[in-house]
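Have a look at the structure below before the remarks.
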Amino acid sequence: MKARGFLACFLLGSLLRSGWGAPWIAADWRGREPQFPPGSLFWRTNEFRRCPVLFRTVLEVEGGPIAYAGFRARAFRYAFVFLNGRQVASARTAGGEGPTEPFEVELTPFLRSGANVLILSTEDEGFALEGSVVHWDGRRFRFASDRRRWKVQKFPPLTILEDEPCMREDFDDSQWFPVRVVAEQDLEVKEDEVRTFCQRLEEERWRRWDEDARWRLQMLAEKGFAIVDWEAFGWAGAERLPRWVVEMAQTALEAPNKPAGWLHRLAEGLTRFVRLSDQATNLANHAVGLEALNAPQRDVEACHRAAQALFPLLKRMEAALKGGDMERAMALAGQGEGIVRQARSGRFLNDLCSALDNKFGWLDTTALLDSDPRRWGLRLASPAQLLTSPLSPAALITLQGRELVLEGWDELPPLRVYQKPPAPGPVCAWLPLDGKVVNRRPEAGGLVYDRGRDGDLSENWALLVCNLAQGGPLPTQVVFLHRPLRILFQGSEKGTRAVVVEFEQAGARLFLLRPLKEWRGLLWMARLMTQGPLDEEQAQGILRQCRLWSRALLNYPITFSETFVRAPGERWALLVADVYNYLELRDEWGTQPLRLAPLPPLVTYGLMGDYPGLQVVSKVETLGSWGIWGDHLAAVGQSHVVYRVPLDPFPRFGGFTAFCFGPTDIGEPGSLTEIQAIRRTGANSFRPQHNQTGERALRTLRWCLEGGLQHVFNTDEKWVPDIVEHFRTLAEQCKDLPFDAVAYDLLNEPETRDPHAYNALIRKIVRAIREVDKTHLIYVETIPPWGLGAQPFPQAAFENLRPTGDPLTVYSFHDYEFRLPPRWPNERQDIRSILVRWIPAFRFSIDHRAPIHLGEFGAFEQTKEDIYENRCALTLMLDYFRIFDQFGWHFHYYSNRGTVRVREDGSLQESLVQEAFRRYFARGTFNLNRR
């Protein structure tokens, strides 16, 4: 394969011509060069013969800030550079043969104090290298391809290099081979050359990082997401954040001609501040919640101590950020993060506004409680800040000017019309005046209320009433913090077009909400609410709701922490305490605030359906209705509420799907390589799609079993003569295997049948399996988006899916709506988009007491994005995992065998999808409560 004499002469001649100064070193196998059999991957058997050859050294770096560090090198044909287990550079020969052109690598951001493992993977003909590490205080040391400091070893084809122990500083390489000098040269890379190319590479790096920082600052300022280490943390939008944080981010985005790296440092400072601030709040909440759950006192005290240490530190960090002292801000962030790690050591705590294994918990969306007037179809035509908390049915509006203009009423689609013509806009307003509530219709000019004429409102609210009989929506309540001057209705041919509320000064604040979530006697309500004078006795129920929210919104819940413990004596249940944080407000009437700790709407939805094992522990009161979500239940006068959550009584499974419908796609040696790679990510399941029942299928199953993976059979019915007998055959062969060895995912994307025929077939298959196998899980898919009866997806798909009645059935769907874009989150989509789309799946899970399986998602490798370079793959995957964790979902990422690739050196490179899997499974949340 190699003409070594020719290559050596070619190499030496090339070196002499180039005038390269560092010695060229190569492997010295001494007649004992390791030999390995060819590697196999997927259906490609014994095709991978190239073996990675790794050259290793350790750089000892003294403490203190580094001014620059890097090296220049040439290698034979290609080189992959790793520092401390991370690939940091690569180079290739343009023509595929001979040495590469000199290439330069910056090490500055990757070095750490102490031992640093530097590895080059290249041909055994080797490389030449020389560089420097220079500290700001003038200390420096040179390193090069020195025969005494380098060792070499060969590895089998398809080795995942990043997993190898040699990447760690404590690895003993004494059994590795020495290197030999091919060509000695006395010339060195000059120090000023190292400094020059390191500065150039640093400038290029800062430009990339600043581009990332611009996106991070935009997401912080516009959507409230703090993106830290490529994970997005957020809740309720940017308006919940300290105003100075948002303004600093906005100012930075508009600032011209800032030095390289300035945006990156600011983005790091602001996002880490927001993240640390949330963690401080979260720890304080956990101290309250854990005490309410009678958790060990040491856990309560650890959370309390950490929160108390963090709050003054955050004040100092805020001052440093405002003063532009980024170095001090970063140092304080590091201290704070250390406090958080210590507090969480040995105990699991949810993040702020997140949950684990609670399918009934809160969602970061206003869709459940319908709190965003923009979702109603209305527009704020006056400049204002809008805070819409998912924990409340109301939106808090802070006006920039002196008036609120709420328009779009005449564009609302009318609901059921009993009285023509349709008129969806407000026709009158309920106003508290002189201790009574009066019904006021607009005058000819649209005036409804004038403080100079009518006097002050005697309470802090007004109700904008539409005529339900003319297709109008339920009424809109305005809860004022400042006294209004005037209320006007602006008309159009279709009735009221806009509502205008004027104030004496700019900056007034108010809430908008729909206090009634359902009508009771629609035509009776239409007459009651629009007739004058108002019959307060008959309107007591509506007035009670208006007065409830006129007080409760003065303690406006904006964030929460969910603490939990195992329910005493029970394996499959948790006790949960939701602890709320409130924006405490005062109005100009001196209204007495009312604090509520509400049960999440999915809890009340489950209670309405008598979900087994779902129980309220705290004393709660029924305060009204959440409409389709059941009663509005809350602990009154409390900041937390406790309830019992049942768990699905078996473990979760998660991993990868692969398209394996070719005849040699499974059962080959390459299948074993694939299975081993999946297991190394931490996953516990593999879903190879195929129609086989013979030895290839069973061999793949055995390999999964030996590797600790559940094997999921998944079939394309269109190519199977008798699908019922197909699964009966599989069940006969698998019935005696352990529970976690096998699952049956019945039909892949059943597009050919209407829902009734499909549900009937599913019941037949389930009966056939259960006649012989009563142990293993069954996954039943919805009809895919392009199938009959599946639109709008996934709502219609779940509505047309009938439960099997089998207690070990998990209900599945596929969704590729959220693939990898250039940036995630972005202006158009984020985790809230996913949550809203999947509400039908959450409801189905509660309605039918069953877990959900996202059987296929992702397929990032089929987009235009590079899943080895676009680190937003991490951000999007971690958003997916956060949802899976909260709702206890099973999942299989659709890889299409594209999330790994073979490098030129013969090693197997994993994508950022695998990195996301590793990061997720390393956290230990998966099946934490099911062990």
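Can you give the Rg/Rh ratio of the stretch 92-178, where Rg is from the C-alpha atoms and Rh is the Kirkwood radius?
0.97
Ranked highest first by the average count of other Cβ atoms within 10 Å around their residues, in what order do 432-445, 736-749 fall?
736-749, 432-445
So if the hydrodynamic radius of the stretch 456-508 is defined as the Kirkwood radius over C-alpha pairs, what does Stokes-Einstein give as its diffusion coefficient at 20 °C and 1.002 mPa s, in µm² per second?
Using the Kirkwood radius from Cα pairs, D works out to 170 µm²/s.
Where the only charges are on Cβ atoms (+1 Lys, Arg; -1 Asp, Glu), what is the dipole of the stretch 837-912 about its Cα centre, to the nearest 20 debye?
In total the dipole reaches around 340 debye.
Among W589, W43, W719, what's the order by accessible area (1.4 angstrom probe), most exposed first?
Result of the area sort, largest leading: W719, W43, W589.
What does the accessible area per residue of the chain come to in Å², with a 1.4 Å probe and no ligands, DNA or RNA counted?
Per-residue accessible area for the chain comes out at 40 Å².
Which of the three applies to the stretch 228-307, rounded, prolate or oblate, going by the alpha-carbon gyration tensor with a ≥ b ≥ c and a/c under 1.5 meaning rounded?
Since a/c reaches 1.5 and a/b is larger than b/c, the shape of the stretch 228-307 is classed as prolate.
Name the helices (complete DSSP H segments) of the chain with a Cα length along the long axis of 20 Å or more and a Kyte-Doolittle mean of at least 0.5, or state none.
4-18, 872-887
Determine the distance separating the Cα centre of the stretch 882-911 from the Cα centre of the stretch 476-501; give it in Å without decimals.
Measuring centre to centre over Cα atoms gives 53 Å.
Quick check on the chain: helices-only [θ] at 222 nm, where DSSP H runs of length 4 and up contribute -39,500 (n - 2.57) each and the sum goes over total residues. Nearest 500, please.
-9500 deg cm²/dmol
Which residue, P612, A757, Q470, has the largest displacement toward the positive end of the dipole of the chain when charges sit on each Cβ (Lys, Arg +1; Asp, Glu -1)?
P612
What are the principal axis extents of the Cα atoms in the stretch 281-386, in Å, biggest first?
Dimensions of the stretch 281-386 along the principal axes of its Cα atoms: 49, 43, 18 Å.
Within 10 Å of each candidate Cβ there may be at most 11 other Cβ atoms; applying that plus a DSSP loop requirement, which GluC sites (Glu not before Pro) in the stretch 802-911 survive?
Qualifying residues, ordered by number: E827, E869.
Whole percent per 10 Å bin, from 0 to the bin with the longest distance: what is P(r) over all C-alpha pairs of the stretch 643-719?
With a bin width of 10 Å, the distribution comes to 18, 49, 21, 8, 3, 0.
Which of the aspartates and glutamates could be linked to K774 by a straight reach, that is with a Cα gap under 20 Å, when you skip same-chain ones fewer than 8 residues away?
Those aspartates and glutamates meeting the cut-off are D648, E725, E732, D736, D740, D745, D806.
For the chain, with the dipole built from +1 on Lys and Arg beta-carbon atoms and -1 on Asp and Glu ones, taken about the Cα centre, which of W786, I25, T281 lies farthest toward the positive end?
T281
Given 25 °C and 0.890 mPa s, compute D for the stretch 80-232 with the Stokes-Einstein relation, Rh being the Kirkwood radius over Cα pairs; round to the nearest whole µm²/s.
133
Could you list log10 I(q)/I(0) for the chain at q = 0.04 Å⁻¹, which the Debye formula gives when each Cα is one point scatterer?
-0.24
Which trypsin sites (Lys or Arg not before Pro) in the stretch 443-540 pass both tests, a DSSP loop state and at most 10 other beta-carbon atoms within 10 Å?
R520
Please give the charge dipole size of the stretch 145-195, origin at the Cα centre, charges +1 on K and R Cβ atoms and -1 on D and E Cβ atoms. Round to the nearest 20 debye.
Taking the Cα centre of the stretch 145-195 as origin, the dipole is about 300 debye.
Where the centroid of each part is defined by its Cα atoms, how far is the stretch 244-275 from the stretch 56-110 in Å?
31
Peptides 407-419, 350-362: what's the order by average Cβ count within 10 Å, highest mean first?
In descending order of packing, they fall as 350-362, 407-419.
Treating only the Cβ atoms of Lys and Arg (+1) and Asp and Glu (-1) as charged, compute the dipole magnitude of the stretch 533-609 about its Cα centre; round to the nearest 20 debye.
The calculated dipole for the stretch 533-609 is roughly 320 debye.
So, with a 1.4 angstrom probe, what is the percent of accessible area on the chain that is carbon and sulfur?
Within the chain, the accessible surface is 49 percent carbon and sulfur.
Rounded to whole Å, give me the distance from the Cα center of the stretch 662-699 to that of the stretch 111-162.
37
What's the percent breakdown of Cα-Cα distances in the stretch 444-546 across 10 Å bins, shortest bin first?
Bins of 10 Å from zero give 13, 44, 36, 7, 0 percent of pairs.
Given a cut-off of 19 Å, what percent of all Cα-Cα pairs of the stretch 564-706 lie beyond it?
Cα-Cα pairs in the stretch 564-706 separated by more than 19 Å: 67 percent.
List the trypsin sites (Lys or Arg not before Pro) within the stretch 188-225 that DSSP assigns to loop and that have no more than 13 neighbouring Cβ atoms inside 10 Å.
Those that pass, being in a loop and sparsely packed, are K190.
Give me the number: length gained by fully extending E537 to V720, i.e. 0.36 nm times residue separation minus the C-alpha to C-alpha distance, one decimal in nm.
That pair, E537 and V720, stretches by 59.0 nm at full extension.
Applying a 10 Å radius around every beta-carbon, put 657-665, 127-135, 53-61 in order of their mean neighbour count, most first.
127-135, 53-61, 657-665
From the square roots a ≥ b ≥ c of the eigenvalues of the alpha-carbon gyration tensor of the stretch 339-414, which class results: rounded (a/c under 1.5), prolate (a/b over b/c), or oblate?
Cα axes put the stretch 339-414 in the oblate bin.
The values are calculated or read from the model by the stated rules, or taken from the named source; none is laboratory data. These numbers were taken from a predicted model, which means no experiment stands behind them. Note that each Cβ is placed from the backbone with ideal geometry, even for glycine, and that neighbours are counted across all protein chains shown. Calculation scope for accessible area: heavy atoms of the full protein, side chains included, ligands and nucleic acids excluded. Shrake-Rupley method; radii C 1.70, N 1.55, O 1.52, S 1.80 Å.
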